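Data block below; observations after.
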Amino acid sequence: MNMLRKLYKVATGSVGAMALGAVLTTGGFADVADAADEPKVYFSMGFVGNNWMTEARNMITALAESRDYRDRVEFEIQSAGGNAQQQIQQISGMVQAGADAVIIYPINESALRQVIRRGCQAGVEFFVINGTDDGTCAHSVKIDGYSLGQTRMDWMAKELNGEGDVVVLTGIPGTTFSDETQRGVEESLKENPGINVISTLNGEWSQQATRARMQELLGTKTWDDIDGVVAAEACYTIYQMQVEAGRTPEQLVPCAAQDENGFRLAMLPEGTTEHSVGMRGYSTDSMIWVIPMSLKFALDEIAGADVEKMQIFQAGVVTNDTVKLCETGSTSELQAGCNVFPSDKVPNDWQAGFWHPDLPQLDFEAVTTGEVSE
Amino acid sequence: MKLAANTEYPPTSSPSRSYPFQAAWLGIRPTLPVMLVAVAMFTAVTLFGGNSITYFQISSTASGMAPLALAAMGETVVILVRGFDLSAGAIVSLSNVIVASQAGESPANQVLWGCLAVLAAGGVGAVNGYLIAYRNLQPIVVTLAVMFMVSGVNLLILPFPGGNVPIGTSNFFAGDLVTGVIPAAIVHVIIALLIWAAVKKTRFGTALYAVGGNEEAATARGVRSARTKFFSYVLAGLFYGYAGLLLSGNTGSGDPLGGDALLLSIFAAVVIGGTRLGGGRGGCLGTVLAAFILMQISSLMLVLSVSTNVAPLFQGLIVLVSIAIATIMSGSSGSTTYQSVRAELAAMLAVPRKIRTERAIKVQGAQQLPVNDELTGSAFQRFLRQYGNTLKIIAPVYVLLVVAIMINALLLGSTVFTVNYFNSLMVLTLITAVLALGQGIVVITGGMDLSVGQAVTLCGVLAAGLYGQLGDVAGAVPLIFFIVLVAGALIGLLNSIGVVLIGIPAVIMTIGTNGVLSGLTLLYTNGVPSGTVPASLRWLFGRDLIGFAPAIVVLFALLAVGWFVISRTRFGWRVLSVGSSRAVAGLSGVPVARTITLAFVFSGLCSAAAGLLLIGYTGSAVLNMGESYLLPTLAAVFMGGTLATGGRGHYVGIFGGALLLTTIGMLVTGTDLSHAVRQIVLGAVVLSAILFLHDKET
C-alpha cells in the first residue's frame, strides 16, 4: 500500500537524519559522564560569532575547567542563534534538565521575564548579563552602558575644548545596549552645547558597517569637516580610513570607543609598534570578564552566600597616558597594567579589555584558547 | 497516489456525511509524516533529556512554538494561492510593538489595543493584497518593499526592546487556561486551526485551493481570482497579527527586531509542513506541526549537549534534510527533473553534434538584427523600435537615480558633484553590483539565491584565513583566489543539487544552504576569523587612480561583463528562455537542468568574488559580513527591471538599481536621517520603482 511505502520513506529518512546527527555530535558528547553531586550550571548565549562572544566563551570555559572549579561544577554552554524565542525555549529546557543556576547573555532581556519567573519557582538561580531591575528574581550583572556613552562624549568635549563638529556612531539600532549608550551620549551633549553632531550613523559595532556609513558620509564631507568621532565601536576603522586618505598622525581626529586591539595599538606613542602613531583616544574596556565572574557569583550563591541582586560595573578606561603594550599577556604582565597586544597575535578588531584583577588567572592564553595554564 | 496527495482539498460533496471516518482519514493522511516526525522529536527530547514529561515542559514548549506556528499559518495561506510574503516577520513585530508600547493596565485598553494590533497587521496585509491582486505587481517585490517600510515603522513605534506587555494580556496568551493542566498557548493554536478549518469550508477556502492549483481554470469556473488573492493576504496579515499577540504574551515585551529572526523559520515550517510552494496543495495543520519540530531542535541541541560551535551546522543540516524529505514526500517534480538530467547527459555523450548545431543557430540568431528595411523613420525612431522594450525596463531606475542625485544636490549643496562623491558612490556600489549579477541571473531563470549572505562571509573568511597561513609563499595570492572561487562554485553546485535534482524550490533550498554555510563558517573560524588581507585587494580600495579608487575599474569591467553574459552569450540566452518557460525551453533543445545549475554556480562565483572584494574593502574578515548585502542585492535586481518570476532582465538595469540604492544610502546619511526613516525610504523607493515599471505578474 502507498501509505506503507510512505511510512517506510519517513522512517528511513528519520533514521538517516538521526545517524547524521549522531556522527556530528560525538564531538559534543565529550565530558558529560561524571554527573555527580556537583551543581549544574548552564550558560545560555544569545548568539555566537563575534569576538566578544567568542572571548567570553573561552574565558568562562577556562574558568570552569580550571583546577579550582572543575570539581565544583558541572558546566555547559548553549547558544540560541540570535533568536529570542529559541532562547526562551532553551532556558526552559535547562530548567527542565535540572539546572541549579543559569547564566544568560540575553538577546532581548525583557523577553525572558516569564521563563525566568517560572524557573525561579523551580528553584533555579538566574544571572542575567545586562539585565534590568524589573522585579524578577534574577540576579543582574550589568555593564553600565549609559555612563559609557556619557563619559565618552564628556571626554570628547574636553578634548575639543568644548567646541567642535562630531560624528556619532551607534551600535545596532533597536537593541537595548545600543540605545542605553546613545542616551548617555545625548545626556552629555546637553551639557556641552558647543559640541555639534554632524551625523549620527548606524555603526552596528562592526568595522564593516562603520566603514560603509563613514564612506557614505565622506561623499559629501571631508575629514576637515570632522573634529572627532564618538563611536560604540570601531575607532580602528576611523584611524585606518584617515591614514588611507593621506592624513598625517598629527591630523588624526580624536576618537572615543571600545577596546579594539588595533585602536589601542594606534594610541600607543609613535614608534612603539609599526601601527602606533599616538592617536588621541579614549578606549573603554568591553568587560568580557563579567561572563566568568557570573559563574563565580553563581557558585557563591549556590554555596549559600548572599550575592547581591543587582551589580553594576563601570568599564575600565584606557587613555593615551595609560595605554601599555603586553609582550605575552601573562597574569603578572596584566597585573602590572598592560592592556594591548601585538598585532601578530590577534586580529585588529579583537577586544583587548577582557581582564579583571579578581580573576587574575584568566590571562591572554585563557581568553584565546579557553584553557588556563596550571 | 496523485489523488491521495491532493486530499487536502476540502471535501466538496457528500462523502463527509456518508463516510465520516474515511473523510477524516483523507484529511489527516497528508500530514501524517510530519506528525510522526513531531512525535519522534518530542520523544527523543524527553528520552535523551532523561526526564519525565512535566506540565512545565509542555507549557513552555507550547508558548514557544505558538507565535511561529501562527505566523507560518499566515504564510501558508498566501503560498496556497501561489503567493509569497517576505513581510511576515516584520508584521508580527508590528503587532508586538503596538501592544507593548500602547496597551495600558486597564483590561478594556488591553482588549482594544490587542484588537487594533491585529487590525493593523490585517491592514498591512490588505496593502500587500491590493498591490498584488489588483495592481498585478509581483508578490516578492511588493512584500520586500513592505517589509522594509514596516520594520522602519516598528523602530519608530518602539526604538528599542522593552515596552511593557500588561500581565493580563501576557497571561491570556501565554499563561495557563487551567493552571497546571492546560496552557493558554495551546488553546490559541487550536483556535487558529479551527478558524482555518472553518475558512476552508467556505467558498473562499475552496477558491484558495482552486486559484492556487490552476488560476485560469478557476477563473473559467467563475472564481474571482483577484479577490481570492486579496483576501488571502488580508487573512495572512490577521494571522501575523495574532502571532504578534502570542509573541507579546510569551516574551512579555516588545522587540522591534524580534520578527526578523522568525522569517526564515516561517518558510521552513511551511515547506516541512507539506505545503507546496507552487500553490494549490497543503494546509495549516502540517505547518503547525512543522513549527513544533523546528522549535524542538534547540531542545535537542541541549539534551544532546552539542557544542556551541557545532550546533549551528547541525541545526542547519537538520532543516535542510527535513526540507529535502518533505519535498520528496510531497511528490515534487524532482524525479522528472532527474530523468531529464539523465537524458541530457546521454544526449551530450551520444550526439555532440547537437550542441554544435545549436551554437551555430545561436550565432546566426545573435547576428540577425532586425532587418533595416522594416524600420523606417529617423535614426532615433529606428533605435527606439529596436531597443524600446529593453529601454522600458532599464529607464525607470535611471530616472529615479537622476532624481535621487538631484535631491542629494539640493539638500547637500555643491559637495555632490565632486570626485569624492562619485568615488564613494561607486566604491560602495561595487559589492552590491557583483552580488546582483549572480542573483540577477538566478532570478531570471525563475529562482532566487538567499544563500549569498553566508556564501560571501564564508568565502571572505576563507580567503583571509588562507592568506594568513600561506601569505609568505610565492604565488599564494592567485592560488588562494582560485581556491575561494572553487569554494563559491561548490556552494552554487550544492544549491543546484537541491533545486535541480531533488526539486526543492530555490528560495527554500538556498535558505537551507544559508544555515549550513553559517554553521560551516563558525566551525572554520572557531568564532574569531583570523588571517590577513592580501595587499593587492587593499590597493583596489585606495585612492591611487587620479583620486579615484582602482576598484572603480573593476566596477566598469563588471558592467561590461554582466551586460555581455546576460544579453550577448548563449548562456544568457538560455537563462532568459528557461525563465520564460521551462517547458518551452526544454522542448526547444535548451538544456534546462544544466542552465539552472550553471546559474547557481555563477551566483556562487559572484559571492566568492564579493567575499574577496569585501575583505579588501574592510581590511579584515568579519563574521556575518555578507548578511547585510542580501536584501539590498534583491532590491537592486528587482528595481533594475528583472521580473521576479523570471524570463526578463538586463544587467544595465540591475546595475542602475545598485547605484540607486547607494545614492539613497548616501542621501540618508548625509542628511542625518534615522535608521528607521532609512528603512521606510528604501521600501518606498523599491515600491515606486516597480510601480514605475508597471510589472505584471506573468
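The values are calculated or read from the model by the stated rules, or taken from the named source; none is laboratory data. Please read these numbers as outputs of a predicted model, since none were measured by experiment. Note that each Cβ is placed from the backbone with ideal geometry, even for glycine, and that neighbours are counted across all protein chains shown. The area values use the complete protein model at the heavy-atom level, side chains included, leaving out ligands, DNA and RNA. Shrake-Rupley method; radii C 1.70, N 1.55, O 1.52, S 1.80 Å.
Details
- Quotient of C-alpha Rg and 2.2 N^0.38 Å, computed over the stretch B:106-155: 1.40
- Sorted from greatest to least, the principal axis extents spanned by the alpha carbons of the stretch B:588-641 come out as 48, 23, 15 Å.
- Proximal aspartates and glutamates to residue A:158, defined as alpha-carbon separation beneath 14 angstrom and excluding residues fewer than eight positions away on the same chain: A:191, A:227
- Take every Cα pair under 8 Å whose residues are at least 6 apart in sequence, average their separation, divide by the length of the stretch B:547-698, and the relative contact order is 22 percent.
- More than 15 angstrom apart: percent of Cα pairs within the stretch B:427-494: 60 percent
- Chain B: calculated mean residue ellipticity at 222 nm from DSSP helix runs of at least 4, using -39500 (n - 2.57): -24000 deg cm²/dmol
- Partner chain coverage, peptide A:45-57 - average Cβ within 10 angstrom: 5
- Summed buried accessible surface, chains B and A, 1.4 Å probe, nearest 100 Å²: 7100 Å²
- For residues of B:249-259, the mean tally of beta carbons on other chains within 10 Å: 6
- Percent accessible area from carbon and sulfur atoms, the stretch A:145-282, protein chains only, probe 1.4 Å: 48 percent
- Residues in the stretch A:331-361 reached by a label modelled at residue B:535 [backbone nitrogen below 18 Å; 7 Å Cα→Cβ]: A:344
- For chain B, the longest principal axis of the C-alpha atoms and the axis of helix B:352-367 are separated by about 70°.
- Euclidean distance between Cα centres, the stretch B:403-440 to the stretch B:554-599, Å: 28 Å
- Prolate/oblate/rounded label for the protein assembly as shown (Cα gyration tensor, a/c 1.5): oblate
- Between the alpha-carbon centres of the stretch B:222-270 and the stretch A:73-95 there is a gap of 25 Å.
- With the helix formula -39500 (n - 2.57) applied to DSSP H stretches of n ≥ 4, chain A reaches a computed 222 nm mean residue ellipticity of -12000 deg cm²/dmol.
- The alpha carbons of chain B give a radius of gyration and a Dmax of 26.1, 85 Å, in that order.
- Calculated P(r) of the stretch B:216-309 - Cα pairs past 18 Å, %: 63 percent
- Residue B:58-residue B:497 FRET efficiency (beta carbon distance; Förster radius 51 Å; 0.05 resolution): 0.85
- Take each peptide in A:350-360, A:243-253, count the other Cβ atoms within 10 Å of every residue, and average; sorted highest first, the result is A:350-360, A:243-253.
- Isotropic mean projected area of the C-alpha convex hull, the stretch A:145-282 (nm²): 7.5 nm²
- Cα gyration tensor shape for the stretch B:485-596, rounded if a/c is under 1.5, else prolate or oblate: oblate
- When the square roots of the Cα gyration tensor eigenvalues are ordered a ≥ b ≥ c, the ratio a/c for chain A is 1.5 or more and a/b exceeds b/c, which makes its shape prolate.
- Mean Cα-pair separation over length for the stretch A:145-282, i.e. relative contact order, pairs under 8 Å, 6 or more apart, %: 25 percent
- Members of A:142/A:296; A:40/A:309; A:142/A:345; A:221/A:324 lying beyond 25 Å, as alpha-carbon distances in this model show: A:142/A:345; A:221/A:324
- The residues of the stretch A:145-282 expose on average 33 square angstrom of accessible surface per residue, using a 1.4 Å probe on protein heavy atoms.
- The alpha carbon centroids of the stretch A:251-271 and the stretch A:218-249 are separated by 12 Å.
- Positions from the stretch A:92-128 whose accessible area shrinks by 40 Å² or more when the full protein complex is built, not the chain alone, probe 1.4 Å: A:92, A:96, A:108, A:110, A:113, A:114, A:118
- For chain B, the share of accessible area belonging to carbon and sulfur comes to 69 percent (1.4 Å probe, ligands and nucleic acids excluded).
- Crossing angle, helix A:235-244 versus chain A [Cα axis fit, 0-90 degrees, rounded to tens]: 50 degrees
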